[in-house]
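Q: Following this message is one structure expressed as structure tokens.
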Amino acid sequence: MHPYIPHLLSDIAAAHQKESKAGYLDHEDDDLSLEELFADVERYIAGKEEPTFAYYCGLESIDFPPPEQLDDDDLKKVCKAFEQMMQTWNLSIALPDNLPLPFAYHLTVDMLNTKTNIPKTGMITFDFCSGYAPDCDLKSYCPCLEFWNECDDEMEDYDDIIFGNDDLPF
């Protein structure tokens with residue numbers, strides 16, 4: 001284990017939200033008025049300028065070592081602790097299963113630089129996929145990539161039919 005990991009895990013544990021119950025499953029919606037619930041939803045939909053997640057939890061991405069300095073066990077421990085901490089803020093992260101661990105660590109830690117609002121109810125999940133695979137942050141690991149490639153192949157077939165192609169048998 002990298003000698004810095006116990007300190008980092010301690011810092012992540014200290015970054016758990018203390019004012020409310022951990023995670024949306026434990027949150028009692030009855031504590032909020034209907035107006036507060038709608039205000040929370042409106043704030044999210046409006047996308048008002050929000051501080052970064054680092055502002056809320058007190059961690060800074062610069063305090064995390066680069067992934068190449070950590071072994072796989074250390075990367076897993078930090079990612080798991082970070083995800084648990086995010087849940088106390090009613091946030092979660094969803095990454096593809098085939099994503100290499102150093103890339104997953106990078107995306108997880110970079111959440112600190114992401115502007116976000118902290119919902120009072122429900123949960124916001126970050127999946128890093130815009131749905132447009134060619135520009136996706138996940139690159140070749142994008143879960144939409146297979147769909148996009150199939151669509152591209154179908155479009156090429158339609159183009160051949162519409163615009164003509166001498167190689168076609170009909």
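Q: Using a basic spin-label model with each label point 7 Å from the Cα along Cα→Cβ, how many nm lie between Ser10 and Thr121?
A: Simple spin-label model gives 4.0 nm for this pair.
Q: Could you put Thr108, Thr125 in order, starting from the residue whose Cβ has the fewest other Cβ atoms within 10 Å?
A: Thr125, Thr108
Q: Just grab the label-to-label distance for Lys80 and Leu34, each label 7 Å out from Cα along the Cβ direction, in nm (one decimal).
A: Going by the 7 Å Cα→Cβ label model, 4.4 nm.
Q: Give me the distance in nm between label points sitting 7 Å out from Cα along the Cα-to-Cβ direction at Glu150 and Glu42, one decimal.
A: 4.2
Taken together, the values in this text are just the output of simple stated rules run on the coordinates, not laboratory data. Only a predicted model underlies this, so the values are computations on that prediction, with no experimental measurement involved. Glycine gets a Cβ as well: all are built from the backbone with ideal geometry, and neighbour counts include every protein chain shown.
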